1. Just the residues that are in a helix (DSSP H, G or I) and touching a helix residue (DSSP H, G or I) at 6+ places or on another chain (Cβ under 7 Å), please, taken from segment 19-35.
2. Pick from segment 39-81 the residues that are among the aromatic types (Phe, Trp, Tyr) and open to solvent by 20 Å² or more (accessible area, probe 1.4 Å): which of them is farthest from residue 127 (Cα to Cα)?
3. Determine if segment 55-64 includes at least one residue that is touching a Lys or Arg at 6+ places or on another chain (Cβ under 8 Å) and under 26 Å from residue 119 (Cβ atoms).
4. In segment 182-214, how many are open to solvent by 50 Å² or more (accessible area, probe 1.4 Å), in a loop (DSSP other than H, G, I, E, B) and more than 25 Å from residue 37 (Cα to Cα)?
Amino acid sequence: MPQLPAPDYPADVRARLETDAKAIIGRYPDSRSALLPLLHLVQSEEGHVTRTGMRFCAELLDLTTAEVTAVATFYTMYRRKPSGDYQVGVCTNTLCAVMGGDAIFDELKEHLGVGNGGTTEDGKITLEHIECNAACDFAPVVMVNWEFFDNQTPESARGLVDDLRAGRTVEPTRGAPLCTFKDTARILAGFPDERPGAVEAGGAAGPASLVGLRLAKGEAVRPRVVHPRGSAPSDEPPAGHAGSAEHLSSHDAPQQTSASDPAHPAGPVAGGSKGAGDSSDSDDSRDSKEGE
């Protein structure tokens with residue numbers, strides 16, 4: 001059966017949202033360009049984009065609800081159902097997965113008792129796997145309301161969600177202090193973050209991400225040996241190169257990361273492998289078996 005028209009916001013809520021919406025619309029020469037921030041605005045009201053929120057956007061921008069729905073369902077940052085105060089996203093794209101993202105995601109699913117997109121019973125945590133967040137040099141990465149928590153392990157990620165559920169203060173690895181998902185949505189709508197120190201807090205790309213920029217500027221970049229998993233990185237620079245040791249990437253992260261598939265660890269095959277010069281041994285063995 002078709003759904004009845006979406007109910008409107010209460011009068012006082014609508015009046016407040018209209019004031020904010022007009023400020024957003026005024027930034028654009030074409031009003032329909034304001035749709036994305038308006039969707040963040042209505043998401044900040046209820047924690048997800050409701051039918052009422054989409055009706056509100058359509059009316060203010062002179063669009064059809066079908067046009068608004070098409071946009072709201074396309075972008076994954078817009079929630080279509082009630083969700084938690086903290087969106088905990090585990091990157092499971094290629095590099096983070098290899099470095100332990102899959103293991104972290106499996107650990108959190110079991111620990112929280114929810115699947116992908118599920119919300120804990122206390123309404124605190126919504127868990128999801130997410131695509132690349134351009135932080136590969138800090139893999140594996142967990143994001144909470146789009147703030148970075150770098151170089152995570154299953155143990156540290158479990159402690160992170162426990163702290164969030166207990167109401168303890170949690171500091172991102174870099175970037176602004178953490179706030180609730182509703183507050184994050186309002187900031188994404190384009191309104192200033194008025195918390196003390198929030199604007200000054202910064203986050204930058206890791207040194208590994210900036211190597212290309214340094215080379216383009218003509219700066220000398222010393223070679224870096226990527227150590228195999230399980231071997232401790234040396235504090236000494238490679239022979240013939242000066243400079244102090246620095247943490248350049250997650251490959252030699254200061255804490256132990258977990259393999260995404262412990263049952264099939266990466267690494268050389270025990271006993272070594274034959275090189276090209278050993279092919280004659282294989283041929284002799286084959287010939288002897290055929291002779292039998």
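The values are calculated or read from the model by the stated rules, or taken from the named source; none is laboratory data. Keep in mind the model is a prediction, meaning the values are calculated, not measured. Backbone-built Cβ (ideal geometry, glycine too); neighbour counts: all protein chains shown. Each accessible area value is taken on the protein alone, full model and side chains, heavy atoms only, with ligands, DNA and RNA left out. Shrake-Rupley method; radii C 1.70, N 1.55, O 1.52, S 1.80 Å.
1. Residues of segment 19-35 that are in a helix (DSSP H, G or I), as a first pass: 19-25, 31-35.
Answer for segment 19-35, where residues must be in a helix (DSSP H, G or I) and touching a helix residue (DSSP H, G or I) at 6+ places or on another chain (Cβ under 7 Å): 20, 21, 24, 25, 31, 32, 34, 35.
2. Our first condition is that a residue be among the aromatic types (Phe, Trp, Tyr); within segment 39-81, this holds for 56, 74-75, 78.
Next, only the ones that are open to solvent by 20 Å² or more (accessible area, probe 1.4 Å) stay: 74-75.
Details: 74: 19, 75: 17 Å.
In this case the residue turns out to be 74.
3. Yes: segment 55-64 contains one or more residues that are touching a Lys or Arg at 6+ places or on another chain (Cβ under 8 Å) and under 26 Å from residue 119 (Cβ atoms).
4. Count: 1.
Conditions (1) surrounded by 15 or more Cβ atoms within 10 Å (Cβ to Cβ); (2) closer than 24 Å to residue 183 by Cβ, marked per residue:
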site: 7; (1), (2): no, no
site: 10; (1), (2): no, yes
site: 13; (1), (2): no, yes
site: 16; (1), (2): no, yes
site: 25; (1), (2): yes, yes
site: 30; (1), (2): no, no
site: 34; (1), (2): yes, yes
site: 37; (1), (2): yes, yes
